[in-house]
Amino acid sequence: MAMEATGVYWIPLFEILERRGFEVKLVEPSRLKHVPGRKSDVLDCQWIQQLHTFGLLSGSFRPEDKICALRSYVRQRQTLIRSAARCVQHMQKALTQMNIKLQHVISDVTGVTGMAILEAILAGERDPAKLAALRNEKCKNDEPTIALALHGNWREDHLFALQQALDAYRFYHKQVAEVDEQIETQLKTFEDKSQGKPLQAPSRSHGRKANEPFFDLRKYLYTMTGMDLTEVDGLQVNTVLAVISEIGFDMSPWPTEKHFVSWLTLCPGVNKSGGRSQSKNCRTRPGSNRAAAALRMAASALFRADCALGAYARRMRARLGAPKAVTATARKLAIIIYNMFKYGKVYMDRGAEYYEEQYRAAVLKNLKRRARQLGYEVVPTENCDTSNQTAS
């Protein structure tokens, strides 16, 4: 069978037909319009039937049922996290309206110090010194600095807005905890592919990140995939969970890594005229792929990382600018994930110095080749740093 993807209306019929044993192809509407020979007055269902009869339709990618269920939970969790973030903005707005500059003296108003001060304000405390005394010992600013930001105009309407925003924030995080329980239950249903090998301690030690589940998500991801993707620089457990929930871990739908990054819309578009590529117009196709968005977020965190991927991201940023560098680094991460899932390759970071040395050797090789074509020879200068070269 073949059906058109129209919003979310196709989901119940698709799931019922698939459960009954039918092979259903989910077709994007844009592909139906580009097939030549379509009349303007034909019904969509008749046109889909005709194209499907001739075998001209290809179905969209949809992972297995277990992954689809996991994806629903993860997407629901992301929605709740975004809603909670809006509540934080509402809290900051209410504080600003009261002339409270708390968000300027502490990094997170929902942290230990921020929540203690907010609860005290809503309980009726107005003394800036007493509010600043609730500061946690790990807070960067001292009590006098925090106290200066707590001289406010305590209007009841602003306090009411602050109370509601705080209650909504706690409600959303309560729902996030309930979703985490469902995610953990769903992760337990996957087959154990670790073959009894214990999970090694992480090579990069870090504390619990914000919005991470409270259960050991890294262990579950290792069990279901048989490999530790968090060893890849830039990939945290939340990123790995988001990517796996969107693509699964079966790479057979994509014959090569180029097909995979093209599906993710992480590669430049093809725009040729007269056999020549128009590089200025070869922009990446726009898309709303959630896996690609997660990889872009991971790539943006690599600009300061002391690793090979970090060195690559910095070089691409200097050459192309930050937006294109993020896409290029996200493409690198996608290729690494593809090779790990399909071929079982183990990721090994050789370090930023190794990458810079390899890049320098490649540049020097091309420079020597170009010099030979022009009748010159590249030789190193004496009593000088090895990174400086001259042509003679």
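Laboratory data are not the source of any read-out in this text; all were calculated from the coordinates shown. Remember, it's a predicted structure, so these values are computed and weren't measured experimentally. Here Cβ is always computed from backbone atoms with ideal geometry, including for glycine, and neighbour counts include all displayed protein chains.
For the reader, a short list of remarks on this structure follows.
- Ordering of 194-201, 149-156 by packing [mean C-beta count within 10 Å, highest first]: 149-156, 194-201
- Phi-based couplings in Hz for the range 87-101 (Karplus 6.51, -1.76, 1.60; Gly and Pro marked x): 5, 5, 5, 5, 5, 5, 5, 5, 5, 5, 5, 9, 6, 9, 9
- Exposure proxy ranking for Val35, Val8, Val240, based on other Cβ atoms within 10 angstrom of each Cβ and starting from the fewest, stands as Val8, Val35, Val240.
- Those chymotrypsin sites (Phe, Trp or Tyr not before Pro) in the range 40-91 that DSSP places in a loop and that have at most 15 other beta carbons within 10 Å: Phe54, Phe61
- In this structure the amide hydrogen of Thr284, modeled in the peptide plane, comes within under 5 Å of the amide hydrogens of Gly269, none closer than 5 places in sequence on its chain.
- Measuring nothing but how far apart in sequence close Cα pairs (under 8 Å, 6+ apart) lie, relative to its length, the range 2-60 scores a relative contact order of 45 percent.
- Contact order for the chain, expressed relative to its length and based on alpha carbon pairs under 8 Å spaced 6+ residues apart, stands at 11 percent.
- Straight Cα distances below 22 angstrom link Lys33 to the lysines Lys25, with same-chain residues fewer than 8 positions distant left out.
- An ellipsoid equivalent to the range 2-60, defined through the eigenvalues of its Cα gyration tensor, has semi-axes of 21, 12, 10 Å when rounded to whole angstrom and sorted largest first.
- Residue exposure sequence - Trp263, Trp10 - by fewest surrounding Cβ within 10 Å: Trp10, Trp263
- Residues in the range 303-316 carry Karplus couplings, in order, of 5, 10, 7, 8, 8, 5, 5, x, 5, 5, 5, 5, 5, 5 Hz; the curve used is 6.51 cos²θ - 1.76 cosθ + 1.60 with θ = phi - 60°, and Gly or Pro positions show x.
- Given [x] -0.38, -1.30, -1.37; [y] -0.28, -1.22, -1.31; [z] -0.24, -1.31, -1.43, the label whose value is log10 I(q)/I(0) by the Debye sum over Cα atoms at q = 0.06, 0.14, 0.15 Å⁻¹ derived from this model: [x]
- Under 5 Å between amide hydrogens, built in the peptide plane, is the criterion, and for Gly351 it picks out Ala308 among residues at least 5 positions away or on other chains.
- Efficiency of FRET from Cβ geometry, Arg86 and Val35, R₀ 56 Å, rounded to 0.05: 0.85
- Here the extension length gained between Asn99 and Phe215 equals 37.8 nm, from 0.36 nm per residue of separation less the Cα-Cα distance.
- Taking 7 Å steps out from each Cα toward its Cβ at Thr145 and Gln76 produces label points 4.3 nm apart.
- Of the chymotrypsin sites (Phe, Trp or Tyr not before Pro) in the range 203-240, the ones in a loop by DSSP (not H, G, I, E or B) with at most 12 other beta carbons within 10 Å are Phe214.
- Going from the fewest other Cβ atoms within 10 Å to the most, the residues Lys93, Lys188, Lys138 appear in the order Lys138, Lys188, Lys93.
- Top positive-direction residue, dipole computed over the range 11-129 with Cβ charges, set Ser83, His52, Met115: His52
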